[in-house]
Amino acid sequence: MFPDYSHSDIPRLEMGLKKYIKTSLIPVEFFLSVMELEAWFLAEFNHFPKIDPSITTMEICSQLGFDPVHDDLSLRENPTDDLNSAYLIGGKPYVKGVDTTINVLDYPFMYLQLSEKIPSLKKLGNSIDEFLR
């Protein structure tokens, strides 16, 4: 959604997706990670030390002013910039489209715990569960 939409645009955008995109030919379900998918990556705080041991939640809180463990990171305006800033604590930039982050995410944590804090992630998990049933 970033940079074309803000948080206040989300309800209108969700309504527009359902209204203006043809869904009659096949079942369609829309999933928005709110501003950017990187908000989910920010919230999955277990992966930071795998990028670099110096990237800790304490350092992120101290240097960047947000808490990946307790804050609602779906409210961050630009999660990609935040993720890059966090990675730079360890001297490693975040590069969108590179598999580095995907390969170190704690998927069981995301599925079992993080999804309870992030409604959009829970919706995606529930849909995958339903599809696999």
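The values are calculated or read from the model by the stated rules, or taken from the named source; none is laboratory data. No experiment lies behind these values; they were computed from the predicted model shown. Please note: Cβ atoms are built from the backbone with ideal geometry, for glycine as well, and neighbour counts cover all protein chains shown.
Here 82, 106, 99, 129 are screened, and the one residue that is without any contact (Cβ under 8 Å) to a residue 12 or more places away in the chain and closer than 26 Å to residue 63 by Cα is 99.
To keep it simple, each residue is scored yes or no on (1) at pLDDT below 90; (2) within 24 Å of residue 6 (Cβ to Cβ).
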site	(1), (2)
70	no, yes
91	no, no
98	yes, no
102	no, no
106	no, no
109	no, no
116	no, no
